[in-house]
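K.L.:
One structure, as structure tokens, below. Some questions next.
The values are calculated or read from the model by the stated rules, or taken from the named source; none is laboratory data. This one's a predicted model, so the numbers in the text were calculated from it and none came from an experiment. Positions of Cβ are backbone-derived with ideal geometry, glycine not excepted, and every protein chain shown enters the neighbour counts.
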Amino acid sequence: MRRLGDLPLKVRLTLLYVGLFSALLAVLATGFYLDTRHYLIAETTASFQAQVEASIRQWQSSASPLQPPAPPVPPGAPAQHSPFASGDVSTLVQTIAGRGASAAVVDASGNLLASAGKNIGLVQAAPACTSKAAAGSAACTLRLSGDVYLVIALPLGAGGKFVLAAQPLRPVERVLLRQQIALSVGLAVLLVLGTLLGLWLTSSALKPLDDMVETCNRIASGDLSQRVNLPQRNDEIGRLAAAFDHMADWVEATMEAQQRFIASAAHELRTPLAALQGSMDVLLRDALDDPPTAHRLTQSMYREVTRLFRLCDQLLGLSRAHTAEAIHKRSLALAPFFQEFMTQAGFLAQERHLALQKGSSLTIPADPDALKRILFNLVDNAVQHTVEGSEITVGWREAPGGVEIFVADDGEGIQPEDLPHIFEPFYRGDRSRSRRKGGTGLGLALVKAVVEAHGGKVSATSTPGGGSTFTIWLPEL
Ligand SMILES: Nc1ncnc2c1ncn2[C@@H]1O[C@H](COP(=O)(O)OP(=O)(O)OP(=O)(O)O)[C@@H](O)[C@H]1O
Ligand SMILES: [Mg+2]
């Protein structure tokens, strides 16, 4: 047995909506039916009661002492009976029956005094209605001779007599039945139409979700260029599709960057390895018998191995920086931190003038070791791209929401076409102008990764020939 939760969303939504819709319609239809039934019975009762009362009044007035006396009967003429002679209740029941009803008059003990019309066993039913009439309600509905009748019981004079009049309720019932059928058919048609319309509406509203599932599957099978590309719509599904495409853009860009990174890393590893292999080839073939050449080749091999170690260290550092656990933040007072950093960075400066530009006494949450590492990278870069005697300024200042740390130099600067790429792994500016050989192009990528792991941002401004400034913004919380 299939559970409701296993059904497709469009079927569940349609069932829910059709269920609510039907319950509402059923309540309305029942209310409407009961109201009409009540109205029709009340109307029929009122008019039937009025008819019976009119007959009684007519009968009573004909029996009234105010009525002019009957003309004297000529002697010998046959006796004339007025149809409304006083006390002659049979005339009353006949008058009532003459209007298509059944009628009877019973005395206080329920004995039949007169009856007319169709014999429907009115007298047997009399006690139920007369007791109601005694309590003030003239009308009741009873099942007599297999049919439902509207029975009116009215007291006749003070002697405890009752007039009973009954008429079948079949015409009213026929109207009600017709209405019941019309309501049921209408309800069924509405339900079928509502279900079909609901299925169509929910299917078309949820179609983009199916498209998204297909797009996801195609992306998962390797085609990263797939997008949902839903036409502009500002509802939840439109926003979900836009967010999905945005995420797919990000995944594609990240995967491409990763591919580029792997290709660059392989290329960077290949260069020293190829140099090593070349040196070893020469050594193995004939240079072992030539000590000066062997010494020169061994030294070159040592340099390449050192370069490989450095590359591996930087790759490891970069991969660690991308995992936030590698960053151990603590409350860091900037003034003493920079004091210590400047002492250590002095050894890197190589005839450059290293100056500290202090800001206010600030404390920020940061990993001091990681922060020191990236500042060393920035100062190292500044040293590589300036000439002896240049000025390198390190400092910090307050900034909206945090603090800005900067490293500025007055060196050769960065070309505008290089500036957008310098934070990419393995990117190096024009190598002919790079004075130090052996740079891997990972230094600034590491700076960016560490800063982002702190929840901060890094940027660079530069004027070719006029120096460069690297600015790190770190949040104060
Ligand atoms: N202060 C600077 N002045 C001028 N150019 C700079 C400066 N800092 C960085 N660059 C440019 O940015 C490029 C990338 O710097 P990055 O530190 O990432 O690599 P690298 O210094 O070449 O190698 P390493 O991995 O050894 O740091 C450099 O090759 C250089 O062209
Ligand atoms: Mg560098």
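K.L.:
Kindly indicate whether any position in region 427-441 is on the phi < 0 side of the Ramachandran plot, buried (at least 22 other Cβ atoms within 10 Å of the Cβ) and either away from ligand 2 (no atom under 16 Å from the Cβ) or assigned to a loop (DSSP other than H, G, I, E, B) (or both).
P.N.:
The answer is no, given that none of the residues of region 427-441 is on the phi < 0 side of the Ramachandran plot, buried (at least 22 other Cβ atoms within 10 Å of the Cβ) and either away from ligand 2 (no atom under 16 Å from the Cβ) or assigned to a loop (DSSP other than H, G, I, E, B) (or both).
K.L.:
Can you find a residue that is without any contact (Cβ under 8 Å) to a residue 40 or more places away in the chain and within 58 Å of the chain's Cα centre (by Cα) anywhere in region 344-354?
P.N.:
Yes: region 344-354 contains one or more residues that are without any contact (Cβ under 8 Å) to a residue 40 or more places away in the chain and within 58 Å of the chain's Cα centre (by Cα).
K.L.:
Taking residue 225 as the residue in question, decide whether it is outside any helix (DSSP H, G or I) and either within 19 Å of residue 13 (Cα to Cα) or at pLDDT 90 or above (or both).
P.N.:
Yes: the conditions hold for residue 225.
K.L.:
Shifting gears a bit: Which residues, taken from region 449-466, are over 21 Å from residue 333 (Cα atoms), modelled with pLDDT under 95 and within 16 Å of ligand 2 (Cβ to nearest atom)?
P.N.:
Hit for region 449-466 is 449, nothing else.
K.L.:
Could you grab the pairs with beta carbons closer than 7 Å, sequence gap of 6+ or different chains, first residue in region 138-156 and without any contact (Cβ under 8 Å) to a residue 24 or more places away in the chain, second one surrounded by 19 or more Cβ atoms within 10 Å (Cβ to Cβ) and aromatic (Phe, Trp, Tyr)?
P.N.:
155/162
K.L.:
I've got another one for you. Just a yes or no: is a residue in region 394-416 within 16 Å of ligand 2 (Cβ to nearest atom), in a helix (DSSP H, G or I) and either modelled with pLDDT of 95 or more or closer than 24 Å to residue 317 by Cα (or both)?
P.N.:
Checking region 394-416: not a single residue is within 16 Å of ligand 2 (Cβ to nearest atom), in a helix (DSSP H, G or I) and either modelled with pLDDT of 95 or more or closer than 24 Å to residue 317 by Cα (or both).
K.L.:
Another question, if that's okay. Report yes if some residue within region 266-287 is out of contact with any helix residue (DSSP H, G or I) (no Cβ under 7 Å at 6 or more places or on another chain), closer than 30 Å to residue 310 by Cβ and outside any helix (DSSP H, G or I); otherwise report no.
P.N.:
No: region 266-287 contains no residue that is out of contact with any helix residue (DSSP H, G or I) (no Cβ under 7 Å at 6 or more places or on another chain), closer than 30 Å to residue 310 by Cβ and outside any helix (DSSP H, G or I).
K.L.:
Sort out which residues of region 10-49 are farther than 30 Å from residue 163 by Cβ and surrounded by fewer than 12 Cβ atoms within 10 Å (Cβ to Cβ), and write them in order of number.
P.N.:
Correct list: 19, 20, 23, 24, 27, 30, 31, 34, 35.
K.L.:
Additional query: Taking residue 238 as meeting all but one of (1) assigned to a helix (DSSP H, G or I); (2) in the same structural domain as residue 21 (by TED's automatic domain parsing), write down the number of the exception.
P.N.:
It is condition (2) that residue 238 fails.
K.L.:
Next up: Among the residues of region 273-286 satisfying the criterion of being at pLDDT below 90 and surrounded by 14 or more Cβ atoms within 10 Å (Cβ to Cβ), which is farthest from residue 299 (Cα to Cα)?
P.N.:
282
K.L.:
Separate question: Residue 375 - would you say it is in a loop (DSSP other than H, G, I, E, B), within 16 Å of ligand 2 (Cβ to nearest atom) and touching a strand residue (DSSP E or B) at 6+ places or on another chain (Cβ under 9 Å)?
P.N.:
Criteria not met by residue 375.
K.L.:
Still on this structure, please answer the following. With the condition kept exactly as written, say whether any residue in region 354-367 is within 14 Å of ligand 1 (Cβ to nearest atom), buried (at least 16 other Cβ atoms within 10 Å of the Cβ) and more than 26 Å from residue 326 (Cα to Cα).
P.N.:
Yes, region 354-367 contains at least one residue that is within 14 Å of ligand 1 (Cβ to nearest atom), buried (at least 16 other Cβ atoms within 10 Å of the Cβ) and more than 26 Å from residue 326 (Cα to Cα).
K.L.:
Hey, another quick one. Name the pairs whose Cβ atoms lie under 8 Å apart, with the first residue in region 374-393 and under 9 Å from residue 348 (Cβ atoms) and of a type outside the set (Asp, Glu), the second modelled with pLDDT of 95 or more and near ligand 2 (Cβ under 9 Å from one of its atoms), and 6 or more positions between them or separate chains?
P.N.:
If the second residue must be modelled with pLDDT of 95 or more and near ligand 2 (Cβ under 9 Å from one of its atoms), no pairs are left.
K.L.:
Quick check: is even one residue across region 8-16 modelled with pLDDT of 80 or more, part of a loop (DSSP other than H, G, I, E, B) and farther than 24 Å from residue 181 by Cα?
P.N.:
So far as region 8-16 goes, yes, one or more of its residues are modelled with pLDDT of 80 or more, part of a loop (DSSP other than H, G, I, E, B) and farther than 24 Å from residue 181 by Cα.
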